[in-house]
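The values are calculated or read from the model by the stated rules, or taken from the named source; none is laboratory data. On a predicted model such as this, the values are computed, not experimentally measured, just so you know. Quick reminder, even Gly has a Cβ in these numbers, built from the backbone with ideal geometry, and neighbours come from all protein chains shown. For the accessible areas, the whole protein counts, side chains as well, though only heavy atoms, and no ligand, DNA or RNA atoms are used. Shrake-Rupley method; radii C 1.70, N 1.55, O 1.52, S 1.80 Å.
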Amino acid sequence: MTTDDCIHGTPTWSADGRQLFWEADCGGKFNIYRADLRWNTDSPTIYGEYLYLELGNIVTLTNSTTSDQRFPRVSPDGFKIVFTTNRDGNYEIYAMNTDGTSQTRLTTSSGDDLAPSWNLAGTKIAFDSNRDGNWNIYTMNLDGSGQTQLTTNAADDRWNVWGQ
C-alpha cells in the first residue's frame, strides 16, 4: 500500500475500518501517520495487477525529528490512539486523539514502556515494560493510573496483544 522509501510498520485499523494508522521512518525517526482507505477498481490496471485498496489523505500525526513515535493502537471507540515515544529520554506510553491533538503522557518509569494495546471494552491498556529488570506485561487505566504487573517470571514477557 506504500510505495515510498520509508520504513513502515505496526499498522492498526480505525474502529469503523475506514482509516489506517501506522508508524513510518522517512528521515531518521519514526512518526505516526493516518490515512483514509479507498477501494479501487477490481479490474486489471495497465500493468496487469489488481489494485483493491489505496491510502488517501495521508496525515502525519506526530512530526518529530528528535525522537521516535511508535506502536500506535486505536481505541475500540475510534477516538484515541495509544503509542510509545522516547521524547522524554526513555520509552513511555502516551495517548492522543486520532487527529494527533492532546498528546498526554500515561507512564513514567525508569525502564522502557512499549507496545500498548487496548482491551475490547476500551477501559484498560496493556503494555510491556522492563522497569523491574526484565520484560513483563502490565495493565493500566486510560489515564495511566492503576498500573499493575501481570507477569512475574524471569523470562522476558513482551509483545502483548489484547484479543480483539
Notebook entry, point to check: Under a 1.4 Å probe, what is the accessible area of the chain per residue, stated in Å²?
Noted result: 53
Next item on the list: Pop out the carbon and sulfur fraction of the accessible area of the chain as a percent, whole number, probe 1.4 Å.
Entry: 50
Item checked: At q = 0.09, 0.14, 0.16, 0.20 Å⁻¹, base-10 log of I(q)/I(0) for the chain (Debye sum, equal scatterers on each alpha carbon) -> -0.33, -0.72, -0.90, -1.28
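What length, rounded to one decimal in nm, is gained on full extension from Arg38 through to Leu120, with 0.36 nm per residue of separation minus their alpha-carbon distance?
Taking Arg38 through Leu120 to full extension adds about 26.9 nm, to one decimal.
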Next item on the list: Measure off 7 Å from each Cα along the Cα-to-Cβ vector at Asp77 and Cys6, then give the distance between these two points in nanometres to one decimal.
Entry: 2.8
Check: What's the longest piece of the chain with no exposed chymotrypsin sites (Phe, Trp or Tyr not before Pro), counting a site as exposed if DSSP puts it in a loop and it has at most 12 other beta carbons within 10 Å?
Finding: 53-158
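Taking the inverse of the average 1/r across all pairs of different Cα atoms in segment 90-164, what Kirkwood radius in Å do you get? If you can, show how the numbers build up before the last one.
Values: mean 1/r = 0.0795 Å⁻¹.
This gives a value of 12.6 Å.
Using the beta-carbon distance between Asn97 and Asp25 and R0 = 25 Å, what value does 1/(1 + (r/R0)^6) give for FRET efficiency, to the nearest 0.05?
Values: r = 23 Å, r/R0 = 0.92.
Using R0 = 25 Å, I get an efficiency of 0.60.
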Check: Once fully extended, how much extra length lies between Trp13 and Thr152, figured as 0.36 nm per residue of separation less the alpha-carbon to alpha-carbon distance?
Finding: 46.9 nm
